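Before any comments, here is the structure.
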Amino acid sequence: MRKFHTLADLRDWKPGPIRLGLLGDPVAHSLSPEMQNAALAECGFAPRYARFRILPNELGEALRLCAERDFIGVNLTVPHKVAGFALVEVEDQFARQAGAINTIRFEEGKLFGTNTDGPGFVRAIRESFNVELRDLRVLVLGAGGGAGQAVAATCALAGCPALTLVNRDFTKAQTLAARFPHRQILAVPWEATSLGKALAQTDLIVHATPLGLQPNDPAPLPCELLAPCHLTYDLNYGPTAFLAAAREAGARAASGLTMLLHQGALAFEFWFDRPAPLAVMRRALGF
Ligand code: NAP
């Protein structure tokens, strides 16, 4: 299988088994094709899932072409989750609250969107730490991105007792906090003193930026702000500087593999309206 296809390929598309895919940039590292193709094979379905490197200004045309070429559905990843929201009919309340989608189903020329990142995240926290998200005081680093917004909205809707939003562009954290005025949500600047105060009253720290994926990236926060009582969850599923810092501080740490699995299983169910073969998908991800 090719590492990824492009918009030029979609323009010149020949009908074939690929009728599902991941649209984003970068996509080459994604494990979604391994997971979804294992699920499709297990269910005896002929369609296959592939990666598409699609730039921000190409998303509208790419979605139109997928619909015209009889695709069943797609997932959206960085940087399309927020932009994609405006291009589809959104069915569920959670995606509307998040202002972001990660899954689209094509049906008779129409595009229906949903967000499986949020429900997938709830299941991932339960599986990784054997706790319920609704019982935790949560801090989200990178709350302004598509995935960060989904996590923040999930925590707000789950009724977490406290939620702190941190983002490099502080105005995005403030705007997001204002979207849930009836909840205890605080936007905090990304600097050591403010972070230290907030982390002293946090159970779960969620890292939702791509920082740390490149070998020379710094950790997103100083290691000394982390403590053994913290649960730390990195949405990224490579070894990251954040997880290394968390383990060094004695905190419990989990990578985004569990979220990848559960959001993918829910996407599969959105496309095919049947239960996903979870054990097979998990095995394809290697855990
Ligand atoms: P996105 O929409 O592009 O958002 C990126 C976020 O990271 C923004 O908050 C951005 O802050 C911040 N950021 C980017 N570079 C930064 C830097 N150098 N320093 C500080 N903050 C920085 O991306 P996304 O879709 O939310 O994805 C974020 C990460 O989560 C990706 O690495 C993705 O692979 C991962 N993810 C994993 C799963 C899973 O299933 N495990 C699901 C979704 C996403 P600004 O707002 O200031 O630009």
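The values are calculated or read from the model by the stated rules, or taken from the named source; none is laboratory data. A quick note: this is a predicted structure, and the numbers were derived from the prediction, not measured. When we count neighbours, we look across all protein chains shown, and the Cβ atoms used for this are built from the backbone with ideal geometry, even at glycine. Only protein heavy atoms, including side chains, enter the accessible area calculation; ligands, DNA and RNA are left aside. Shrake-Rupley method; radii C 1.70, N 1.55, O 1.52, S 1.80 Å.
Annotations for the structure displayed:
- Residue within the stretch 215-223 that is at pLDDT 95 or above and more than 16 Å from the ligand (Cβ to nearest atom) present: no
- Just one residue in the set Arg48, Arg53, Arg64 is basic (Lys, Arg), over 18 Å from the mean Cα position of the chain (by Cα) and over 16 Å from Trp271 (Cβ atoms); that residue is Arg64.
- Some residue of the stretch 127-138 being touching a Leu at 6+ places or on another chain (Cβ under 8 Å), closer than 20 Å to Leu59 by Cα and open to solvent by 10 Å² or more (accessible area, probe 1.4 Å): no
- In the set (1) exposed (fewer than 14 other Cβ atoms within 10 Å of the Cβ); (2) closer than 22 Å to Thr209 by Cβ, Leu23 fails one condition alone, (1).
- Looking across the stretch 145-165, the residues that are outside any helix (DSSP H, G or I) and either of a type in the set (Val, Ile, Thr) or open to solvent by 10 Å² or more (accessible area, probe 1.4 Å) (or both) come down to Gly145, Gly159, Cys160, Pro161, Ala162, Thr164.
- So Leu40, is it in contact with a His (Cβ under 9 Å, 6 or more places away or on another chain), outside any strand (DSSP E or B), at pLDDT 95 or above and buried (at least 18 other Cβ atoms within 10 Å of the Cβ): no
- Among the residues of the stretch 267-287, those identified as open to solvent by less than 30 Å² (accessible area, probe 1.4 Å) and either under 19 Å from the mean Cα position of the chain (by Cα) or of a type in the set (A, V, I, L, M, F, W, C) (or both) are Ala267, Phe268, Trp271, Ala276, Val280, Met281, Leu285.
- Filter result for Leu257 (more than 16 Å from the ligand (Cβ to nearest atom) and within 28 Å of Arg168 (Cα to Cα)): no
- Filter result (within 12 Å of the ligand (Cβ to nearest atom) and out of contact with any Leu (no Cβ under 9 Å at 6 or more places or on another chain)) within the stretch 169-190: Asp169, Phe170, Thr171, Thr175
- Single residue of Phe112, Phe106, Phe85 found to be touching a residue at least 40 places away in the same chain (Cβ under 8 Å), open to solvent by 10 Å² or more (accessible area, probe 1.4 Å) and more than 19 Å from Pro210 (Cβ to Cβ): Phe106
- Being in a strand (DSSP E or B) and within 16 Å of the ligand (Cβ to nearest atom) is a property that holds for Leu22.
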